[in-house]
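Only one structure is covered here, and it is reproduced in the block below.
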């Protein structure tokens with residue numbers, strides 16, 4: 001029996017706006033009031049879901065471990081995310097690099113666990129992210145990596161299989177790659 005195809009979606013910078021701290025590091029929203037979907041994301045997710053794809057969020061949230069993001073706030077953000085988007089599952093790694101866990105991207109633990117639990121056919125699935133960790137996790141899980149790089153940003157895009165400026169721009173390719 002063949003499983004179902006899935007789109008594994010990074011959260012911050014792919015589905016919602018991320019923030020930049022004083023040293024230029026991207027940081028997640030800290031409270032549900034700061035959670036804001038990126039333009040076109042709701043439409044893109046609806047189209048992908050209607051095409052028969054499972055939507056699985058896979059997100060590193062080390063700020064919980066670091067003590068700068070309360071678990072209650074993280075849960076509230078994910079509740080809001082589920083209200084706004086037709087996601088089938090949300091997988092979270094709350095560890096930091098020093099923990100050397102199997103789930104923190106670039107390791108593929110969240111992807112592989114979700115695939116096993118949800119009956120996902122990895123051969124017909126993709127991962128969409130915005131950072132090198134996402135692309136490496138895609139490679140480690142054996143799925144194509146689609147990197148979102150806004151047109152106003154430069155940078156090395158060689159680590160991804162495909163690049164697009166937004167999730168909405170990538171929908172047609174995703175549907176084609178997954179055979180949906």
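General remarks:
- For the range 1-77, radius of gyration divided by Kirkwood radius, i.e. Rg to Rh on alpha-carbons: 1.04
- Counting only alpha carbon atoms, the long axis of helix 109-118 and the longest principal axis of the chain meet at about 50°.
- The chain: equivalent-ellipsoid semi-axes (sqrt of 5 x gyration tensor eigenvalues, Cα, Å): 23, 18, 17
- Sorted from longest to shortest, the spans of the Cα atoms of the range 75-180 along the three principal axes equal 32, 32, 30 Å.
- Three-way shape label, the range 33-134, alpha-carbon gyration tensor, a/c 1.5: oblate
- Rounded to the nearest 10 degrees, the angle from helix 71-84 to the longest Cα principal axis of the chain is 40 degrees.
- Helical runs assigned H by DSSP (4 residues or longer) give the chain a calculated mean residue ellipticity at 222 nm of -10000 deg cm²/dmol, each run adding -39500 (n - 2.57) before division by the residue total.
- Crossing angle, helix 167-178 versus the chain [Cα axis fit, 0-90 degrees, rounded to tens]: 40
- Length-normalised contact order of the chain in % [C-alpha pairs under 8 Å, at least 6 apart]: 26
Each reported figure results from applying straightforward, stated rules to the coordinates on display, with no laboratory input. Predicted model only: the values in this text are computed from it and were never measured.
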